[in-house]
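A.B. asks: Structure below; questions to follow.
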Amino acid sequence: MLAGMCASAVAAAVFVSGPGGAGRYVMRTDARFAPPGTAERQAAPTYDRALVPVGAWIEVGQRTARGGATTVRMRVTGMKPGHAYGVHVHAEPCGADPQAAGGHYQHRPSGDPHHVGPHNEVWLDFTADRYGRGAATARHRWGFRRGEASSVVIHDVPGGAGARVACFTVPFGWVAGGA
């Protein structure tokens, strides 16, 4: 029983190097959400069990081509049916505190509110179907900078803000020359 409540993340990643070190990156990882633990870092904590119940599942995949064009896909099950969620890639890994994940990853970092949006960030907003399932895909011509994209945060509302209701630490990759 206890083992079923713990988050278990499985990741598969492939980096294929090409001329000059530029290559492509393919990754898929998944986990089950669990209550925040006492450990400093946890793969998939849920902070609001009504919106992201313990045991809900998430899968995130990334495909980055030579030159940096990136697709991020997300699928979830076990969410609150009919609820609309905001989902974004964040800069830091998850922690027991919802704020541990830092701010949104931005292709062109800026404090200007004009730069907050799906054109400069990775947004994966979705509405759970009547069975609590959802999916989203984001595509960009750019890739992540090394070490600056570390998690996916689920917010209680779609758009650029909202309470953080769950988090998933993800091994996002980068490709030389992809930024």
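A.B. asks: Answer yes or no as to whether M79 is among the hydrophobic types (A, V, I, L, M, F, W, C) and in a loop (DSSP other than H, G, I, E, B). Working first, answer last.
C.D. replies: Working: among the hydrophobic types (A, V, I, L, M, F, W, C): yes; in a loop (DSSP other than H, G, I, E, B): yes.
In short, yes.
A.B. asks: Would you please name the residue that is most open to solvent (accessible area, probe 1.4 Å), looking only at residues in the stretch 132-156 that are of a type in the set (A, V, I, L, M, F, W, C) and farther than 20 Å from R108 by Cα? If you could, list the steps in order and put the result at the bottom.
C.D. replies: Within the stretch 132-156, the subset of a type in the set (A, V, I, L, M, F, W, C) is 135-136, 138, 142, 144, 149, 152-154.
From what's left, farther than 20 Å from R108 by Cα: 135-136, 154.
Numbers: A135: 67, A136: 16, I154: 1 Å².
For the stretch 132-156, the residue satisfying everything is A135.
A.B. asks: In this structure, is A84 open to solvent by 30 Å² or more (accessible area, probe 1.4 Å), small (G, A, S), at pLDDT 95 or above and closer than 29 Å to R141 by Cβ? Explain how you work it out, then say what you get.
C.D. replies: Working: open to solvent by 30 Å² or more (accessible area, probe 1.4 Å): yes; small (G, A, S): yes; at pLDDT 95 or above: yes; closer than 29 Å to R141 by Cβ: yes.
In short, yes.
A.B. asks: Another question about this same structure. I'd like to know if the stretch 122-131 contains one or more residues that are acidic (D, E) and either open to solvent by less than 30 Å² (accessible area, probe 1.4 Å) or touching a residue at least 40 places away in the same chain (Cβ under 8 Å) (or both). Break it down into steps so the answer makes sense when it comes.
C.D. replies: From the stretch 122-131, those acidic (D, E) are 125, 129; that's our starting set.
With the extra rule that they be either open to solvent by less than 30 Å² (accessible area, probe 1.4 Å) or touching a residue at least 40 places away in the same chain (Cβ under 8 Å) (or both), the set shrinks to 125, 129.
Checked against the condition, which is being acidic (D, E) and either open to solvent by less than 30 Å² (accessible area, probe 1.4 Å) or touching a residue at least 40 places away in the same chain (Cβ under 8 Å) (or both), the stretch 122-131 yields at least one hit.
A.B. asks: Within the stretch 161-176, identify whether any single residue is touching a residue at least 24 places away in the same chain (Cβ under 8 Å), open to solvent by 40 Å² or more (accessible area, probe 1.4 Å) and more than 24 Å from P45 (Cβ to Cβ), and answer yes or no.
C.D. replies: yes
A.B. asks: Please tell me if V89 is in a strand (DSSP E or B), more than 15 Å from T71 (Cβ to Cβ) and open to solvent by less than 40 Å² (accessible area, probe 1.4 Å). Steps first, answer last, please.
C.D. replies: Values: in a strand (DSSP E or B): yes; more than 15 Å from T71 (Cβ to Cβ): no; open to solvent by less than 40 Å² (accessible area, probe 1.4 Å): yes.
So V89 does not fit the description; no.
The values are calculated or read from the model by the stated rules, or taken from the named source; none is laboratory data. Keep in mind that what you see is a predicted model, and the values were worked out from it rather than measured. Cβ coordinates were reconstructed from backbone atoms using ideal geometry, including for glycine residues, and neighbour counts include every protein chain displayed. For accessibility, only protein heavy atoms count, side chains too; no ligands or nucleic acids. Shrake-Rupley method; radii C 1.70, N 1.55, O 1.52, S 1.80 Å.
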